[in-house]
Structures are given as structure tokens and as C-alpha cells.
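Written below as C-alpha cells is the structure these notes are about.
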Amino acid sequence: MFEARLIQGSVLKKMIDAIKDIVTDINLDCSSTGISVQAMDSGHVCLVLIELGSDGFEPYRCDRNITLGLGLKALSVVVRCANNDDSITIKAQEGTDNINFVFESPNGEKTSQFEIKLMDIDSEHLGIPDTEYDSVVKMPSHEFQRICRDMSQLGDSIVVACTKDGIQFSASGDMGSGKINLRQSSLVDKEEDQINIELNDPVHLTFALRYLNYFTKATPLSPTVTLSLKAESPLCVTYPIGDFGSMKFFLAPKIDD
Amino acid sequence: GPAQRDLTSFFKTA
């Protein structure tokens, strides 16, 4: 038996909105420690990794490791039927080919039940190596979203450069070019407004803006985002989910031949 | 311009 109740059901809605343009089907890998999802886009350019610890759910019960394959279209349709303040309970019995969703309003007056057929998803599971990054930059998530949106008006690619002076985003195209510099903040009122730059080595990488703009659909999940960069390596964009999980996007760089 | 890399060339299949 698998059962997990998320008090803030809106978190699930936001997670699905954040990935539905990148992947069509996902496997929920459920174990006693929590739920994880790994999925790649069809072009094998980016990967989504969701990790949710069991402590984010009340109750959480997973008697045996179970993989639940779901089509995002059906999942998206179902979760849209939940109100933002509803709790969402996910239930699956061993040996059945359905997953159940129960939505409960805060006062308990309204409950809704939905069932989705499980799918057998044959997905390639990648081993993500532990990486020591050249630079790790934490910034407000709306700022990152704005930069990606603005830069995509100029070109298809964005160059991200970290030096001791800060982080620079630049793009160019037929129309012209643009550069945005961010420096480490000194004094800010709210921690979530802070720009924090950890630099081990200067790094300079190019990425496709199309994917970054998909990743920023996760902005409603968290006020902050972390960009982890390493020369000639995939970028890791991390959105924390409360204090019990995270959504990470990995994007392969563009490299000169 | 630079060419888009495949993610699987960086991450091994588990």
C-alpha cells in the first residue's frame, strides 16, 4: 500500500505546471524515504529530477518500493480539479493498475476522488554524478525568470559567465545584443532577495534559452533559485520545495566543436 | 555557433 497526503495540494499543481512542457510521462519512484522522479525531454538535452522527502507528507506510508507511471496530461487534468487550499492524497494499492487522488477542503466539507490509469513507462535512468561546481549562484527566482525572458527576445542562446565581479548573462542576435550583470548583494532586508555568488573558478558557458524558459515555469514553487555551473558540464538549476524537497533541472551546454 | 550537447554524454545510464 502506498499513501501520501500533501497538506498544501497547490504544491503538486505547481510541480506539474513546471514540467509539463518538458516531459509527457513520469515515473513516481516511491520508497520509505519519499518520492523521486527523474525524466528527460525527448531530445535528451535536459533532465528533471524531483525529490520529495516523506516528512513533507502527513501521513506517508510506503510498505514496499513501488514505481507509478503516469501520463502528465491526465495528471494535469486531475490536479486542476483541486482547489489551491485543498490537501491532496495519493493512493495506490499493490497489484492494481490505478492511482487514486483524494482532494479535501480545509474544513473537510468537500472531498473529491479521482482515478488515473497507471502506465508502463520505459524510461532511461541516468546516474547523475556528484559534481564540484566552479560556481554556485543563488538569486531570487523571479529575477532569473525575468533575465531568461528578456534575453530570449535577443537570441536563442544565453552566455553565462561567472567571475569575481559577479555573474553576467548575455545574448545576441540579428537585432543586437544585451548584457545583464548581477553582483553579490551586500545588505538586503529579506534573505530571499539576496544574490549570493560562490566562486571556486571563473566559468563561461552557453545554453539554449528555450529550455531555461521552460525551467522558469517552476518559479511559483520557490522565491529563490540556485544555478550550479561547471566548465563544459551540464547546468543544474535548483528550486527548493518547502523544506522537504527540490526540483532540479539539468541542461547540457552548447559547446564549440 | 556552438552545438547543443546531448545530456546522456555527461551522465551515465544507471
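The values are calculated or read from the model by the stated rules, or taken from the named source; none is laboratory data. A quick note: this is a predicted structure, and the numbers were derived from the prediction, not measured. Note that we place each Cβ from the backbone using ideal geometry, even for glycine, and neighbour counts take in every protein chain shown.
Which residue pairs have Cβ atoms under 7 Å apart, sit 6 or more places apart or on different chains, and have a first residue in the range A:119-144 that is within 13 Å of chain B (Cβ to nearest Cβ) and in contact (Cβ under 8 Å) with a residue 24 or more places away in the chain and a second that is surrounded by fewer than 16 Cβ atoms within 10 Å (Cβ to Cβ) and basic (Lys, Arg)?
A:Leu126/B:Lys12
Report whether or not A:Phe169 is over 20 Å from A:Leu229 (Cβ atoms) and aromatic (Phe, Trp, Tyr).
no
Select from the range A:16-57 the residues that are hydrophobic (A, V, I, L, M, F, W, C), away from chain B (no Cβ under 14 Å) and part of a strand (DSSP E or B) and list them in ascending order.
Passing the criteria: A:Ile26, A:Leu28, A:Cys30, A:Ile35, A:Val37, A:Ile50, A:Leu52.
Test each condition in (1) of a type in the set (A, V, I, L, M, F, W, C); (2) more than 14 Å from every other protein chain (Cβ to nearest Cβ); (3) farther than 30 Å from A:Lys13 by Cα; (4) outside any loop (DSSP other than H, G, I, E, B) for A:Leu205 and report the one that comes out false.
(2)
Here is a check on your reading of the model: is A:Thr111 surrounded by fewer than 20 Cβ atoms within 10 Å (Cβ to Cβ), in contact with a helix residue (DSSP H, G or I) (Cβ under 7 Å, 6 or more places away or on another chain) and at negative phi?
Here the answer is no, as A:Thr111 does not meet what is asked.
Which of the residues belonging to the range A:235-254 are assigned to a loop (DSSP other than H, G, I, E, B) and not aliphatic (A, V, I, L, M)?
Scanning the range A:235-254 gives A:Gly242, A:Asp243, A:Phe244, A:Pro253.
For the range A:146-157, which residues satisfy the criterion of being more than 12 Å from every other protein chain (Cβ to nearest Cβ) and within 22 Å of B:Gln4 (Cβ to Cβ)?
Of everything in the range A:146-157, those that are more than 12 Å from every other protein chain (Cβ to nearest Cβ) and within 22 Å of B:Gln4 (Cβ to Cβ) turn out to be A:Ile147, A:Cys148, A:Arg149, A:Asp150, A:Met151, A:Ser152, A:Gln153, A:Leu154.
Filter the range A:212-231 for residues that are buried (at least 20 other Cβ atoms within 10 Å of the Cβ) and closer than 16 Å to A:Ser170 by Cα; which is farthest from the chain's Cα centre (by Cα)?
Per the stated criteria, the residue is A:Leu229.
From (1) of a type in the set (Lys, Arg); (2) surrounded by 14 or more Cβ atoms within 10 Å (Cβ to Cβ); (3) not in a strand (DSSP E or B), pick out the condition that doesn't hold for A:Lys73.
Of the numbered conditions (1) of a type in the set (Lys, Arg); (2) surrounded by 14 or more Cβ atoms within 10 Å (Cβ to Cβ); (3) not in a strand (DSSP E or B), the odd one out for A:Lys73 is (2).
Within the range A:120-156, track down each residue that is part of a loop (DSSP other than H, G, I, E, B), in contact with a strand residue (DSSP E or B) (Cβ under 7 Å, 6 or more places away or on another chain) and modelled with pLDDT of 95 or more.
Once the filter is applied, which keeps residues that are part of a loop (DSSP other than H, G, I, E, B), in contact with a strand residue (DSSP E or B) (Cβ under 7 Å, 6 or more places away or on another chain) and modelled with pLDDT of 95 or more, the range A:120-156 yields A:Tyr133, A:Asp134, A:Leu154, A:Gly155, A:Asp156.
Considering A:Leu205, A:Leu235, which residue is of a type in the set (A, V, I, L, M, F, W, C), within 16 Å of A:Val160 (Cα to Cα) and over 17 Å from the mean Cα position of the chain (by Cα)?
Selected residue: A:Leu205, the only one of A:Leu205, A:Leu235 that is of a type in the set (A, V, I, L, M, F, W, C), within 16 Å of A:Val160 (Cα to Cα) and over 17 Å from the mean Cα position of the chain (by Cα).
Which one is surrounded by the fewest Cβ atoms within 10 Å (Cβ to Cβ) among residues in the range A:232-257 that are among the small types (Gly, Ala, Ser) and within 12 Å of chain B (Cβ to nearest Cβ)?
My answer is A:Ser233.
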